[in-house]
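Scroll down for the structure; my scribbles are underneath it.
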Amino acid sequence: MLFNIQRDSGDLVEGYLIPDGFSDVPVVLVSDAGGRIAEIACDQLHSAVVASGRHNTGLVGFKLTDHNVPGLKERSTLVVQDAKTGLLIYRRPLPSRQIDRKILRIETQLVPHAALDRAMRNHFQYVLPSIERYGYETTLQVFLLDKLQSIYLSGRFQVRNHQDFFDKGFSGVALLTEPYYEMALRLLTLKLCSTTKPPFLGERDLMTLSPAVAYYADLDFKDTGAIAKALKRAPPRVRAVLMSPTTRQFACADPEQPSTRRDIAVVMDIISRLEVIGHINDTLSFASSLGELLNIDMDRIPILQRNDAIDRVAAELRTFAVAESYLEDDLILDYYVRKAIDDAAAQKI
């Protein structure tokens, strides 16, 4: 899906929405703080879209005026979305609280810091969390919203594929998780997925995780011996879900590509380009650094803390040699990142 806003002159808003389906009729949902206003089919011809083979009619442009959106000029909270998926296309600038920066928050946990993302809606004009839910083309498009200067994106995407945007106006932010904690979190989430569909996982995630979901469905987390045996006997596709996920996320172009020891240096190089880097062992320092970068008070913005139940499973995993073999690259990476954070903190004293 491709989309963008071309103009907002108050009484006229123009943009386009090119759907994934060649014959689909794109429709935008227009709303504001008062609720839904209208669903408007795109009826403006973009002949270049037809010439490139992207759409059969080229009717992918939309034009909002007083005719189809009464009182358009006065609607300061106007929002335009793709009616089919709900994907945000455009939101009018916020009042004085808007932050005119482009922030890319790299999510490193399988369970996202959703409360933090929700809070950012109060500070940025365009906010899109969990961008890994969308295809590569749509994900790339949100980096190219050239008319906007206030953008907040977050997600568990392959960082290597988008690192060039750190040189194109985006500031990178990441709170790294602890390897055994993340392994415990993933195992418990896989167990949960066998009985329900967690709202924080998209269809692509569920497809990737499905072999591991089936494998761990009957695992008893109170039986430490059973956990160790399950890890030892796991087939390759199941093991891949738990193998050094952070190193693979930063260094590998494909989410199913295994990491190597050499990738740790690649990850450290990418991390060195981030504006804010933190660790789940010290979320207060991360919140303070993020607040300083954005010039906002982070006291009322929650950062997801470590969970006691997950910590107990993580403590068991630390006793298994097989768990260490799964996490070798992430454990080395975690050591160097924490050392770099501690050294940077010491220099400030």
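With coordinates expressed along the principal axes, the C-alpha atoms belonging to the stretch 43-103 extend over 42, 34, 20 Å, beginning with the largest.
Within the stretch 118-210, report the trypsin sites (Lys or Arg not before Pro) that DSSP leaves as loop and that have at most 16 other Cβ atoms within 10 Å.
Values: sites: Arg118, Arg121, Arg133, Lys147, Arg156, Arg160, Lys168, Arg186, Lys191, Arg204; in loops: Arg121, Lys147, Arg156, Lys168.
Those satisfying the criteria are Arg121, Lys147, Lys168.
For the stretch 1-157, the per residue solvent-accessible surface stands at 43 Å², with DNA, RNA and ligands left out and a 1.4 Å probe. Nearest 10 degrees, 0 to 90: what angle lies between the long axis of helix 283-294 and the longest principal axis of the chain (Cα atoms)? Its long axis makes an angle of about 30 degrees. Principal-axis analysis of the Cα atoms of the chain puts helix 328-348 at an angle of about 80° to the longest axis.
The amide H of Asn4, built 1.01 Å from its N in the peptide plane, has Tyr16 as neighbours under 5 Å, considering only residues 5 or more places off or on other chains. Rounded to the nearest Hz, the phi-derived 3J(HN,Hα) couplings of the stretch 206-211 under the Karplus curve 6.51 cos²θ - 1.76 cosθ + 1.60 (θ = phi - 60°) are 5, 5, 5, 7, 3, x, where x marks glycine and proline.
Give me the compactness ratio for the chain, meaning the Cα radius of gyration over 2.2 N^0.38 Å. Don't jump to the answer; show the numbers that get you there.
Numbers: Rg = 22.2 Å, N = 349, 2.2 N^0.38 = 20.4 Å.
So the chain has a normalised radius of gyration of 1.09.
At 1.4 Å probe size, with the rest of the protein present, what percent of the exposed accessible area of the stretch 1-104 is carbon and sulfur atoms?
Details: 2570 of 5120 Å².
Of all accessible area on the stretch 1-104, carbon and sulfur atoms account for 50 percent.
Surface composition of the stretch 237-324: carbon plus sulfur atoms contribute 48% of the solvent-accessible area (1.4 Å probe, protein chains only, all chains present).
Assuming R0 = 45 Å, what is the FRET efficiency of Glu39 and Thr195, from their Cβ-Cβ distance, to the nearest 0.05?
Working: r = 36 Å, r/R0 = 0.79.
Efficiency, rounded to the nearest 0.05: 0.80.
Ordered by 1.4 Å accessible area with all protein chains kept, Tyr136, Tyr216, Tyr16 run largest first as Tyr136, Tyr16, Tyr216.
Here the gap between Asp11 and Arg306, fully extended at 0.36 nm per residue and compared with their Cα-Cα distance, gives a gain of 101.4 nm. Give the calculated FRET efficiency between Phe166 and Gln98 to the nearest 0.05, with a Förster radius of 25 Å applied to their Cβ-Cβ distance. In this case the efficiency is close to 0.65.
Could you work out how much longer the chain between Asp282 and Asn122 gets when fully extended? Use 0.36 nm per residue separation minus the Cα distance between them, nm to one decimal.
55.1 nm
Would you tally the net charge around Ser285, using a Cβ to Cβ cut-off of less than 13 Å, leaving Ser285 out, and scoring K and R as +1, D and E as -1?
Details: positive: Arg338, Lys348; negative: Asp282, Glu292, Asp342.
Taking every other residue near Ser285 into account, the sum is -1.
Based on C-alpha pairs under 8 angstrom that are at least 6 apart in sequence, the chain has a relative contact order of 14 percent. Scanning residues 5 or more positions from Leu176 or on other chains, those with amide H under 5 Å from its amide H are Gly278, His279, Ile280, with H placed 1.01 Å from N in the peptide plane.
Here the Karplus curve 6.51 cos²θ - 1.76 cosθ + 1.60, taken at θ = phi - 60°, turns the phi angles of the stretch 29-43 into couplings of 9, 10, 8, 8, 4, x, x, 5, 10, 6, 10, 10, 6, 5, 9 Hz, with x standing for Gly and Pro.
Working note: 222 nm ellipticity from helices only, DSSP H runs with n ≥ 4, each -39,500 (n - 2.57), summed and divided by the residues of the chain, gives -10500 deg cm²/dmol to the nearest 500. Taking Cα atoms only, the orientation of helix 179-193 departs from the longest principal axis of the chain by about 70 degrees. Our coupling estimate for the stretch 295-303, obtained by passing each phi through the Karplus curve with A = 6.51, B = -1.76, C = 1.60 and θ = phi - 60°, is 6, 9, 7, 8, 4, 9, 9, x, 10 Hz, Gly and Pro reported as x.
Sorted largest first by accessible area at a 1.4 angstrom probe radius, with every protein chain in place, the residues Ser76, Ser31, Ser325 fall in the order Ser76, Ser325, Ser31.
In straight-distance terms, cross-link reach from Lys168 covers every one of the lysines whose alpha-carbon lies under 18 Å from its own, apart from those fewer than eight places away in the same chain; here that gives Lys102, Lys147.
The values are calculated or read from the model by the stated rules, or taken from the named source; none is laboratory data. Note that the coordinates shown come from a computational prediction; the quantities given were computed from them, not determined experimentally. With ideal geometry, Cβ positions are generated from the backbone for all residues, glycine too; neighbour counts draw on all protein chains shown. To get the accessible areas, we keep the full protein, side chains included, count just its heavy atoms, and leave off ligands, DNA and RNA. Shrake-Rupley method; radii C 1.70, N 1.55, O 1.52, S 1.80 Å.
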